[in-house]
Amino acid sequence: MNLLKKSAVVTGAAGGIGAAVCRELAADGYRVAAVVRKADERSEALRRELGEDIIICAADISDYDECEKLVSEISGKFGGIEVLVNNAGITRDNLVLRMTPRDFETVVSTNLNSAFYLSKLVFPIMMKARRGRIINISSYVGLHGNSGQANYSAAKAGLIGLTKSLAREFASRGVLVNAVAPGFIETPMTDVLAENVREAALAGIPLKRFGRPEDVAAFVGFLASEKSAYITGQVFSVDGGMSV
Ligand code: NAD
């Protein structure tokens, strides 16, 4: 492993968007710590594909103690962390009348608490280096709400508030924090949706196609790079014009 390369941590790395972000950052010259819930054939395939530019780390990022161990393991191996992409996310959709408190809490702790935990833990490392990028993967639903997704939209809206507060708090230390709000992206998360839901979504997208994980990853690559040096605290829609 080349210790002169910059390092990035990507959560939810075996998923559609996460894997594309790992490929993008590896292509941009980063060593990537790909965080997965459990190592499986998808993470193994990614490891084979990216070779010495990637390490796979298994952790439940909704648990603070696991996040602490994770960050210490990664910074020990890499000697620093320049980029954190808080991408892991889950859905537990239901109408509010049927949504259990547990389904609400699980979605918020996985999608939102984890981003707070990891940002808090990587900040001292980035602060020392006086450089860092934190990129939070929010959602169209975090900006606009969605029936059946009160838990998910609350967590994704929370990520936007977190992004803006961290941006203000970390700016003087050279750490920039931004959020990306994807629209409808073809991944395992959306593969499970019913055909009528997919058709209704497509009708509302001016570019008349669903997004690809690479569409989101390309923008994350830009936010991770020096080219975004004057941008912090912002939310960027990558949604084919869905939010226009
Ligand atoms: P995905 O289901 O393919 O990937 C999500 C990954 O997160 C999975 O690999 C899963 O194992 C991991 N994960 C879940 N809980 C975890 C935990 N506790 N600890 C560690 N890892 C955990 O989903 P995706 O579509 O690639 O979504 C990636 C991100 O983009 C998510 O935050 C999602 O909410 C967001 N997003 C997706 C879409 C879309 O249309 N696909 C739209 C807007 C936002």
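Laid out as a table, the results:
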read-out: Label-point separation in nm, A200 to E41, each point 7 Å along Cα→Cβ; value: 3.4
read-out: Eligible aspartates and glutamates near K128 by straight Cα distance, threshold 17 Å, same-chain separation 8 or greater; value: E82, E169
read-out: Equivalent ellipsoid, the chain (semi-axes from 5 times Cα gyration tensor eigenvalues, Å); value: 27, 19, 19
read-out: Cα long-axis angle, helix 16-27 against the chain (0 to 90 degrees, to the nearest 10); value: 30
read-out: Value of [θ]222 nm, deg cm²/dmol, for the chain, DSSP H segments ≥ 4, -39500 (n - 2.57) each, nearest 500; value: -14000 deg cm²/dmol
read-out: Cα-based helix-to-principal-axis angle, 114-129 vs the chain, degrees rounded to 10; value: 30
read-out: The stretch 1-137, dipole about Cα centre (Lys/Arg Cβ +1, Asp/Glu Cβ -1), debye to the nearest 20; value: 420
read-out: Calculated from backbone phi, Karplus (6.51, -1.76, 1.60) coupling profile of the stretch 183-193 in Hz, x at Gly/Pro; value: x, 9, 10, 6, 8, x, 5, 9, 4, 7, 6
read-out: Two-decimal ratio, the stretch 1-85, of alpha-carbon radius of gyration to 2.2 N^0.38 Å; value: 0.97
read-out: Net charge, V238 excluded, C-beta distance under 11 Å - Lys, Arg +1, Asp, Glu -1; value: -2
read-out: Charge dipole (debye, nearest 20) of the stretch 163-244; +1 at Cβ of Lys and Arg, -1 at Cβ of Asp and Glu; value: 340
read-out: Size of the stretch 101-237 as Cα extents on the principal axes (Å, biggest first); value: 50, 37, 22
read-out: Whole-angstrom gap from the stretch 114-186 to the stretch 66-97, using each part's C-alpha centre; value: 11
read-out: Cβ crowding within 10 Å averaged over residues, with 203-210, 169-176 ranked highest first; value: 169-176, 203-210
read-out: Heavy-atom accessible surface of the stretch 1-123: percent carbon and sulfur, 1.4 Å; value: 51
read-out: 5 angstrom amide H check on C57, placed H, neighbours 5+ away; value: A34, V35, V36
read-out: For L84, distant residues with modelled amide H under 5 Å away; value: V9, R133, I134, I135
read-out: Sum of side-chain charges, R198 neighbourhood, beta-carbon under 12 Å (Lys, Arg +1; Asp, Glu -1); value: -3
read-out: Cα gyration tensor of the stretch 38-83 - equivalent ellipsoid semi-axes, whole Å, descending; value: 20, 15, 7
read-out: Rounded to 10°, Cα long-axis angle of helix 213-224 versus longest principal axis of the chain; value: 40
read-out: Proximal charge balance of Y117 [Cβ under 13 Å; K/R count +1, D/E count -1]; value: -3
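The values are calculated or read from the model by the stated rules, or taken from the named source; none is laboratory data. All of these numbers come straight from a predicted model, not from anything done at the bench. Glycine gets a Cβ as well: all are built from the backbone with ideal geometry, and neighbour counts include every protein chain shown. Surface accessibility is based on the protein's heavy atoms, side chains included, excluding ligands, DNA and RNA. Shrake-Rupley method; radii C 1.70, N 1.55, O 1.52, S 1.80 Å.
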